[in-house]
Amino acid sequence: MVSQLTPGERIAALITLILLAVIGLFMAAAGRADPLGAHGFVVLLSSTGLIFLLLSKSNGTPPDPARLLQYYDDPTKLGIILSMIWAVFGLFIGVWVASLLAWPDLTFDAAWASFGRLRPVHTTSVIFGFGGNALIATSLHVLQRTSRARLPEQFSPWFVLLGYNLFCILAVSGYFLGVTQSKEYAEAEWYADIWLVIVWVVYFGIYIRTLARRQEPHIYVANWYYMAFILVVAMLHIVNNLAIPVSMGHAKSYSAFSGVQDAMTQWWYGHNAVAFFLTAGFLGMMYYYLPKRAERPIFSYRLSIISFWGITFMYMWAGSHHLHYTALPHWVQTLGMSFSIVLLVPSWASAGNALATLNGAWHRVRDDATLRFMMVAAVFYGLTTFEGSFMAIRPVNSLSHYTDWTIGHVHAGALGWVAMITFGTFYCLVPWMWKQERIYSPKLVEWHFWLALSGTIVYVFAMWNSGIIQGLMWRTYNESGTLTYSFLESLVAMEPYYIARAFGGFLFLAGAVVGSYNIWMTIRMARGVPATPMDDLPVSRLAPEAGE
Amino acid sequence: MSELHRKLERSAVGFVVAIIFMASIGGLVEIAPLFTIDETVEDAPDMRVYTPLELAGRNIYIREGCYACHSQMIRTLQDEVERYGPYSLAVESQYDHPMLWGSKRTGPDLARLGGKYSDAWHVAHLINPRDVVPESVMPKYGWLQRNDLRIDDLGAHLSAMKAVGVPYSDEMIANATNDAFGQTLPDSDFAEGVSERYGEETNIREFDGDTSRVTEMDALVAYLQILGRLTDAAYQQAAGNQSSQDQQAQSQQAQSQPLGSTAK
Amino acid sequence: MIADHETLVAIAKSWGLFYLIAMSIGVLLYAFWPRNRKRFEKAKMSILEKDDRPWH
């Protein structure tokens, strides 16, 4: 990590870290009567820890100039490892939080362990920790390969990766402490939000500067998706998080918007976080790694362009379908519903494009669990987007909204699409990155695949059942014209499904643990044995791989 | 056309502009009119702001993530109106920074919770929900009773709320800490100021039954008891709708007939 | 605000549609423009090349 930095970059890193340590100190002092103080210490400790690392590893020798003949993959490697750590942590919390609904006393009477605090820990760890690190890691890899250019320098990728993880830690530790904005998927408070903006600007800078250095005249479509992910997430994040802090010594802030405007802004954000974080970013991943693994070009490049602009344009309109039958004006609801339905066209174009790419390589899908991960991901993407459009129709939404059906839908997308495409990608990428011929154990990949698939199916079916039963019970009238079921009766009816859901989640978690072990052993393999020459890699490594 | 696009795309900057342009339109179109619209937010001259204690309680509601399982938004559907009360109006959350409409009902909707149960019921329910409702899956919140509420900084909270547009007066801000104290200690000298500033109807009680100190339980119960009670607008509108929709209500056949769609 | 509500809603409702149509035509033109075919073919194949170094 450090040995690859030029002397100038080491100084830049040192200055940045000292600055950050000072900010941490200031936060700790100003917020001493508030959870903000604890976060000040988190910032202070992580920056001084990195300063120590930097100084102890800096030996004054500049890095080998021959490194410039290679792509810069160290941040990608660390990103993969961090992503898997967040996955296991986030999924574990997910299983816990699911179990709380069946066995509510699993909180052990501790404030931090109650459902309301653990839920954002789960969502943030899996979406931002697991998903975000996977996107950063893969985007830097894809960016360099498709541009045929090395990253412009070595400092900013580390800033982005480590800074992003600092954001995730601040967010997640904050929820345990009760620091939250209550905006779903944007719970982190103002100072963490500001920090994320800085990190994001640097991330965008890396993209733009590398693209400017590209040797290929055309920007490959995967980069379009990654770019849309970076840009639109920045837009959404800034607008939705506009708030005024109580004081510089308080973690708490008050949203700039209220009531109906706040609801619209929040779901404009919430919906498009799904669109541009969990869809566009991972489509970028799919458009590069799926053809690569299948060793076949994407079925239709034109179709990928058309669906790109379709998604970029239309998703933005669809957010209001989260607010059907609420105090939101009727025409805004209708607009959201219409666009949600039209959105199915570019979504299915992408899913179809992926599956058509595999057409003619089905034998490989059968034999190769990695490719199967990607294939199943594309299928789930298609299913989930169909379900999403369906649920956005007002009468359907009147049944599904507020119920577990929504949770089932989200997890069909998150487990079936996002996590599956990521695992498939990692199983391609890890051997490439650590210069191995193959993953440590293909058999364990097979295990992971079946655990993940069965976990997802158990989960989604449990939630479909519970959601639809719930929705129907709430609206059932008896012959005398009164509501048949009390709310409590609908809750009692959920219990078997909540247990099944926790079990499905457990299977998925078990799969992720198996996957992490497999990836870790592949990395260990790389340390033990000298790199094996491969046709697509240089025979000898010119620069020493250090740091991760 | 093609040449233009090619140029845009070759220089990555043009491409960036194109993405921002494409993506921002939908948001602008949907959100911008909501800021000019007066009709989205009905008139409610009787609407009052949260007292400092209720605001503190609301912040505890946020801190504990109650919104993850409880919505505060009754939709314009017949079964919801019958189960929970008149459907929610935009005006009712006009001082809610942020709104807490929620997206999931693991527990019931709370938009009209205020006044439905006694303070003692709420305290017992929060300490152990299963003492009161054996089938409940809600977590226990016993520590709320043990924790003192931080009230010294409530003035700063009110100023921040004022900065985002809630009409708190300077007097309210200056007396925030005392008012929080007074609202839960009806016999103290501070109690009078609360009803002066926030209206005669304000609940001034020892919410958690403990007069010796102000706890987080006091604040949360004070907030829960005001839910849906900041204005009568929703009840008035419901009364208005009722006469015109009496016939419709008689037939009662539809399970989820949109109410109020005529009113919109 | 300067603009009144009715105007904004009218703009949102009408121009949004025109914008959608224009956008679709633009994207389709770009995707099917005959001269672009070669570039797309090349891009499609280029990621499969087994060459893992930056070009200089």
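Extending 7 Å from the Cα toward the beta-carbon at both B:Ser212 and A:Thr482 defines two label points whose distance is 4.5 nm.
Of the listed residues A:Glu9, C:Glu49, the order by accessible area with a 1.4 Å probe, largest first, is C:Glu49, A:Glu9. In chain A, the longest principal axis of the Cα atoms and the axis of helix A:155-177 are about 30 degrees apart. In whole Hz and in residue order, list the ³J(HN,Hα) couplings for segment A:299-312 that follow from phi through the Karplus curve 6.51 cos²θ - 1.76 cosθ + 1.60, θ = phi - 60°; x for Gly and Pro. The phi angles translate into 3, 9, 5, 4, 4, 5, 5, 4, 5, 4, 5, x, 5, 4 Hz. What you get for segment B:38-229, charging only the Cβ of Lys and Arg (+1) and of Asp and Glu (-1), is a dipole of about 860 debye around the Cα centre. In the full protein context, the protein assembly as shown carries 37 Å² of accessible surface per residue, based on a 1.4 Å probe and ignoring ligands, DNA and RNA. In this structure, the amide hydrogen of A:Tyr254, modeled 1.01 Å from its nitrogen in the peptide plane, lies closer than 5 angstrom to those of A:Ile244, A:Val246, counting only residues at least 5 positions away or on a different chain. A straight Cα-to-Cα reach below 29 Å connects A:Lys292 with the lysines A:Lys77, A:Lys435, A:Lys443, B:Lys7, C:Lys38, C:Lys42, C:Lys44, C:Lys50, residues fewer than 8 places away in its own chain not being considered. In segment B:136-153, comparing the full protein assembly with the chain on its own, the residues that lose 50 Å² or more of accessible surface at a 1.4 Å probe are B:Val137, B:Pro139, B:Lys140, B:Trp143, B:Arg150. Considering protein heavy atoms only and a 1.4 Å probe radius, which residues within segment A:197-232 exhibit an accessible-area decrease of no less than 30 Å² in the full assembly relative to the chain by itself? Relative to the lone chain, where solvent access is computed with a 1.4 Å probe, segment A:197-232 loses at least 30 Å² at A:Ile208, A:Arg214, A:Gln215, A:Glu216, A:Pro217, A:His218, A:Ile219, A:Tyr220, A:Trp224, A:Met227, A:Leu231.
Rounded to whole numbers, the Karplus 3J(HN,Hα) couplings from phi for segment B:186-199 are x, 8, 7, 5, 7, 4, 4, x, 5, 6, 4, 7, 10, x Hz, using 6.51 cos²θ - 1.76 cosθ + 1.60 with θ = phi - 60°, and x at Gly and Pro. The share of accessible area on segment A:74-529 that comes from carbon and sulfur is 73 percent, using a 1.4 angstrom probe.
Computed per residue of the protein assembly as shown from DSSP H runs no shorter than four, each worth -39500 (n - 2.57), the mean residue ellipticity at 222 nm is -20500 deg cm²/dmol. Could you tell me the ratio Rg/Rh of segment A:180-310? Both radii from Cα atoms, Rh via Kirkwood. For segment A:180-310, the value is 1.07.
Computed over protein heavy atoms with a 1.4 angstrom probe, the accessible surface ordering of A:Ile298, A:Ile15, largest first, is A:Ile15, A:Ile298. Rounded to the nearest 10 square angstrom, B:Cys66 shows an accessible area of 30 square angstrom against a 1.4 Å probe.
Only protein heavy atoms count here, probed at 1.4 Å, and on that basis chains C and A bury about 3300 Å² of accessible area in total. Here the convex hull built on the C-alpha positions of chain A has a volume of 158 cubic angstrom per residue. Reported to the nearest whole Å, the Cα centre-to-centre distance from segment B:69-105 to segment B:197-212 is 25.
Close amide H pairs (under 5 Å, H built 1.01 Å from N) link B:Thr215 with B:Leu149, residues at least 5 positions away or on another chain. When the residues B:Cys69, A:Cys428 are ordered by accessible surface, computed with a 1.4 Å probe over the protein chains alone, the sequence from largest down reads B:Cys69, A:Cys428.
Other protein chain C-beta atoms within 10 Å of residue C-beta, averaged over A:317-330: 6. The mean count of C-beta atoms from other chains within 10 Å of the C-beta of residues in A:242-249, rounded to a whole number, is 4. Accessible area buried by the pairing of A and B, both sides summed with a 1.4 Å probe, works out to roughly 7900 Å².
Interface burial in segment C:18-32 reaches 10 Å² or more for C:Tyr19, C:Leu20, C:Met23, C:Gly26, C:Val27, C:Leu28, C:Leu29, C:Tyr30, C:Ala31, C:Phe32, comparing the full protein assembly with the chain by itself; accessible area from heavy atoms with a 1.4 Å probe. Only protein heavy atoms count here; under a 1.4 Å probe, B:Val123 has an accessible surface of about 20 Å².
Separation of segment A:134-193 from segment A:393-413 is 29 Å, based on Cα centroids. In the assembled protein chains, C:Ile21 presents an accessible area of approximately 80 Å² (probe radius 1.4 Å).
Remark: mean inter-chain Cβ contacts per residue of A:100-112 equal 3, using a 10 Å Cβ-Cβ cutoff to other protein chain atoms. Around the amide H of B:Leu77, modelled in the peptide plane, lie the amide H atoms of B:Leu259, all under 5 Å away and 5 or more residues distant in sequence or on another chain. From the alpha carbon centroid of segment A:28-44 to that of segment A:301-340 is 41 Å. For segment B:38-229, with all protein chains in place and a probe radius of 1.4 Å, 49% of the accessible heavy-atom surface sits on carbon or sulfur.
Once both labels are positioned 7 Å from their Cα atoms along Cα-to-Cβ, the gap between A:Ala110 and A:Ile499 label points is 2.6 nm.
A simple rule links phi to the HN-Hα coupling: the Karplus curve 6.51 cos²θ - 1.76 cosθ + 1.60 with θ = phi - 60°, which for segment B:113-125 gives 6, x, x, 6, 10, 7, 4, 4, 4, 4, 5, 4, 5 Hz, with x for Gly and Pro. Listed by chain and number, the aspartates and glutamates whose alpha-carbon sits under 12 Å from that of C:Lys13, ignoring those within fewer than 8 places in the same chain, are B:Glu30.
The values are calculated or read from the model by the stated rules, or taken from the named source; none is laboratory data. Bear in mind that the values here come from a model prediction, so they are computed numbers and not experimental data. Counting neighbours? That spans all protein chains shown, and the Cβs are built from the backbone with ideal geometry, glycine included. Surface accessibility is based on the protein's heavy atoms, side chains included, excluding ligands, DNA and RNA. Shrake-Rupley method; radii C 1.70, N 1.55, O 1.52, S 1.80 Å.
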